[in-house]
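J.: One structure, pasted below without further comment.
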C-alpha cells in the first residue's frame with residue numbers, strides 16, 4: 001500500500017482503479033481533525049491524477065467502516081472550535097462529492113454519524129450484510145448537520161427524520177430497502193461485488209464518465225428546468241472527445257457480428 005500521508009493509504013490496480021483506505025484512525029476508525037486533514041489532502045492529490053477512473057473508499061478492517069466523528073475531540077469544543085471542526089467534515093465530504101470520477105463506498109461493519117455522511121457523499125454504496133447504520137448525534141447533544149442534508153434526497157424526508165431524530169440503528173437490509181445503500185451482499189462476497197461495479201464503470205469511456213459525474217453533482221443544486229438546460233452543452237461537448245464515434249462504431253461492429 002502506498003501511503004499518501006499517515007491517514008491515507010492507496011492501492012492501485014490496472015485500468016485506473018484506486019482504492020483509498022482510511023488509516024491510523026483507531027479501532028473504531030474515527031474522524032478527528034488530523035484524520036480529516038489527511039484524508040482531504042489525499043483526496044485533493046488523487047483528484048489531480050488524470051489516469052484515475054474509479055475510486056474505492058474503504059476501511060482497514062471489516063468491523064467498522066467509520067465509527068463517526070471522534071467524541072474525545074468534540075467533548076473539548078467550544079462554539080468557534082466546533083464550527084471549525086464541522087467545517088473540516090464538510091470539506092471532506094465535499095472532496096468526495098466533487099471528486100472527478102465515481103467514488104464507491106465499500107461498507108463493512110458500523111457506519112455512524114459523520115461516517116454515514118461521508119458514505120452518502122459517495123456515488124455508489126456497496127455494503128456487507130454485517131453493516132449497521134445510524135445518525136446518533138442527537139444522543140450526545142448535537143444536531144446532525146452538513147452532509148446529513150443528503151439523507152432526505154436518498155431515503156425521503158420521513159425516513160431521514162426517523163434516523164436523525166431518534167438515532168436508531170438500521171441494519172443493512174433495511175438500508176437497502178430504503179435506498180441508503182445500493183447493494184448488500186455477504187461479507188465474503190463484498191470485494192467480488194465491488195469488482196462487478198468496477199467492471200461496469202470501466203466499460204464506459206473515461207471522459208464521458210467524468211462529464212457524467214460532474215453533471216450529476218450540478219443537478220443536485222439546480223431546479224429541474226435548469227438541470228435540463230445545462231445538460232445540452234455536456235451532450236455537445238461529448239462529441240468533441242472522440243468517444244461517441246469510438247463506442248458507437250464498436251456497438252455496430254458487435255451488432256453486425
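Bear in mind that the values in this text are calculations on the coordinates, not laboratory data. No experiment lies behind these values; they were computed from the predicted model shown. Don't worry about glycine lacking a Cβ; one is built from the backbone with ideal geometry, like all the others, and counts go over all protein chains shown.
J.: Let's test this: bin the Cα-Cα distances of segment 112-174 at 5 Å from zero up to the farthest pair and state each bin's percent.
T.: P(r) for segment 112-174, in whole percents per bin: 4, 18, 31, 31, 13, 3, 0.
J.: For helix 224-238, report the angle its Cα long axis makes with the longest principal axis of the Cα atoms of the chain; keep it between 0 and 90° and round to the nearest 10°.
T.: 50
J.: Something else now. Measuring from label point to label point, each 7 Å out along Cα→Cβ, what is the residue 41 to residue 247 span in nm?
T.: It is 3.7 nm.
J.: As a footprinting exposure proxy, order 90, 153 by other Cβ within 10 Å, with the fewest listed first.
T.: Numbers: 90 17, 153 12.
Lowest to highest Cβ neighbour count: 153, 90.
J.: Using a 10 Å cut-off on Cβ atoms, rank the peptides 61-72, 10-21 from the highest mean neighbour count down. List each step's numbers first, then the result.
T.: On the way: 61-72: 20.2, 10-21: 16.2.
So the peptides 61-72, 10-21, ranked by packing, come out 61-72, 10-21.
J.: Test of understanding: ordering 147, 246, 98 by Cβ neighbours within 10 Å, fewest first, what list do you get?
T.: Numbers: 147 21, 246 11, 98 14.
Ascending Cβ contact count within 10 Å gives the list 246, 98, 147.
J.: Now a separate question. Between residue 3 and residue 200, what is the spin-label point distance in nm, taking each point 7 Å from the Cα along the Cα→C-beta axis?
T.: In this crude label model, residue 3 to residue 200 measures out at 3.6 nm.
J.: Dividing the alpha-carbon Rg of segment 206-256 by 2.2 N^0.38 Å yields what?
T.: Numbers: Rg = 13.5 Å, N = 51, 2.2 N^0.38 = 9.8 Å.
Cα-based Rg divided by the globular estimate yields 1.37.
J.: Next up: Roughly what % of DSSP beta bridges within segment 2-202 run antiparallel, to the nearest 5?
T.: Working: 11 of 32 bridges.
Within segment 2-202, antiparallel bridges account for around 35 percent of the total.
J.: I would also like to ask the following. Under the 0.36 nm per residue contour assumption, what length would be gained going from the current alpha-carbon distance of residue 166 and residue 218 to full extension?
T.: Computed gain between residue 166 and residue 218 is 15.6 nm.
J.: Just to be sure I understand the model, the point goes 7 Å from the Cα along the line to the Cβ. What's the resulting residue 72 to residue 208 distance in nm?
T.: Between residue 72 and residue 208, the simple spin-label model gives 4.9 nm.
J.: Let me ask something else. What angle do you read, to the nearest 10 degrees and between 0 and 90, between the alpha-carbon axis of helix 79-97 and the longest principal axis of the chain?
T.: Orientation of helix 79-97: about 20 degrees from the principal axis.
J.: Angle between the Cα long axis of helix 243-256 and the longest principal axis of the chain, 0 to 90 degrees, nearest 10?
T.: Once rounded, the angle reads 60 degrees.
J.: While we're on this one: What's the exposure ranking of 46, 92, going from fewest to most Cβ atoms within 10 Å? Display every interim value, and only then the final one.
T.: Values: 46 19, 92 24.
Final ranking by Cβ density, sparse to dense: 46, 92.
J.: Determine Rg/Rh for the chain; Rg is computed over alpha-carbon atoms and Rh is the Kirkwood hydrodynamic estimate from the same atoms. List each step's numbers first, then the result.
T.: Details: Rg = 19.0 Å, Rh = 19.3 Å.
For the chain, the value is 0.99.
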